[in-house]
1. If you fit an axis through the alpha-carbon atoms of helix 409-425 and take the longest principal axis of the Cα set of the chain, what angle between them do you get, 0 to 90°, nearest 10?
2. Quick one: Karplus J couplings for segment 198-211, per residue in order, coefficients 6.51, -1.76, 1.60, θ = phi - 60°, nearest Hz, x for Gly and Pro?
3. Taking every Cα atom in the chain, find the radius of gyration and the maximum pairwise distance Dmax, and write them in Å.
4. Keeping every protein chain present and rolling a 1.4 Å probe, give me the accessible area per residue for segment 150-228 in Å².
5. Compute, for segment 350-397, the length of the dipole vector about the Cα centre, with Cβ point charges of +1 (Lys, Arg) and -1 (Asp, Glu) only. Units Debye, rounded to 20.
6. Assigning unit charges at the beta carbon (Lys, Arg +1; Asp, Glu -1) and nothing else, what dipole magnitude in debye, to the nearest 20, does segment 1-79 show about its Cα centre?
7. With the dipole of segment 236-387 worked out from charges on the C-beta (+1 for Lys and Arg, -1 for Asp and Glu) around the Cα centre, which of H308, G368, G257 lies farthest toward the positive end?
8. How much accessible area per residue does segment 336-420 have, counting only protein heavy atoms and a probe of 1.4 Å, in square angstrom?
Amino acid sequence: MPDLSVSELLDLDRRHVWHPYGPMPGRVEPLVVESASGVRLRLADGSGELVDGMSSWWSAIHGYNHPVLNEAASEQLGRMSHVMFGGLTHEPAVRLAKRLVDMSPEGLEHVFLADSGSVSVEVAVKMCLQYWRSLGRPGKQRLLTWRGGYHGDTWQPMSVCDPEGGMHELWQGVLPRQVFVDAPPTEYEESYAEQLRSAIERHAGELAAVIVEAVVQGAGGMRFHSPAYLRVLREACDAHDVLLVFDEIATGFGRTGALFAAEHAAVTPDVMCVGKALTGGYLTMAATLCTARVADGISRGEVPVLAHGPTFMGNPLAAAVACASIELLLGQDWAAEVKRIEAGLREGLAPALDVPGVRDVRVLGAIGVVQLDHAVDMKAATAAAVREGVWLRPFRDLVYTMPPYVTGDEDVSRIARAVCAAAREG
Ligand SMILES: *Cc1c(COP(=O)(O)O)cnc(C)c1O
């Protein structure tokens, strides 16, 4: 097939290719990316480059086309891209699992390598339900979460996403019915902590687990909350025989200023999901970690195995790049880089407070958020950012950024200017 022109490519894309949360045929014209390097995306239409303010949805923490990650990928490619994980094992997966156990909160010891974040959440839920089943308490099969969350697009994850998001209305009566409490306030409030405790106590007999994003709620609304609530959850779960799951798929690997957001509260969950930045944005891979208690419980059951095994489980190529990405992260003062970006975003986003229609501006770690008092005009906001030379993907009432950690100061300022422009014009 000869090379496609940009317009041919867009035409075929519109007619045949689904995009995230998109209609068919497509109604908006996506930008065609030809290549990417460092923090820049090069567009195929010849219009130049955009600084990436999105890290490809939180994942490309080291930027694109990184020599170290490229080297890890091509070295592994020369050995094998993939072998099945049933009955076989290999160094990249074993090294990655060991790395994750070593770097994650104390007590998480066992690793299930999944092929996407949503699947890792499915596995987390399966672990929790099976744990109670194995212990002879099969009635404990619901989940409790707070509103405003996002845990992925497959079935169980969808059931614990914010019910206001639209998916719940569409799937009412089809999705498992979970227990919801109010979204967590930003600051610690004893009355809210009490609400958490009493909901967990009241539903304990039917709850397998509490599942939440730690400290930052991402795609459910880009909200931050006091880490103290994580301690409240830990204590209430322990008191009432409920497991605690942290979804760190967005927050893991330094994004909030701690390696994992659970560290802000010095809490170890029973189960933890990681994904997104795991492979530095190169390949799809996620992981579900659990404690010895959870694994032992499952192993004591009538069916003593965790019955889950995706075809591409433990993919060597993804695992090798993940190991390299983690080494790259830990081999530098990543916390200083995240702090530097945090300072740059605080300064650069402050002017947004004076923009009419802006309700809130908040920054935590390498995450900057401008919340409007109205739904963003996606087309106008995106175009405003592109005019500033920046790629952003606003949603609902939010214009936000989580740049790669390698973003230089000037590019951080440029991204902040683009967020302000998008907020003004969207
Ligand atoms: C992105 C995300 C998921 C889903 O991960 P996918 O790889 O897109 O399936 C789950 N939970 C959180 C917190 C996320 O940010």
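The values are calculated or read from the model by the stated rules, or taken from the named source; none is laboratory data. Source: prediction; values computed, not measured. Backbone-built Cβ (ideal geometry, glycine too); neighbour counts: all protein chains shown. The accessibility values were calculated without ligands, DNA or RNA, using every heavy atom of the protein model including side chains. Shrake-Rupley method; radii C 1.70, N 1.55, O 1.52, S 1.80 Å.
1. Here the helix axis deviates by roughly 90 degrees.
2. 6, 5, 5, 5, 4, 9, 3, x, 10, 8, 7, 7, 9, 10
3. Looking at the chain, its Cα Rg and Dmax stand at 21.5, 65 Å.
4. 43 Å²
5. 180 debye
6. So the magnitude is around 240 debye.
7. G368
8. For segment 336-420, the per-residue accessible area is 42 Å².
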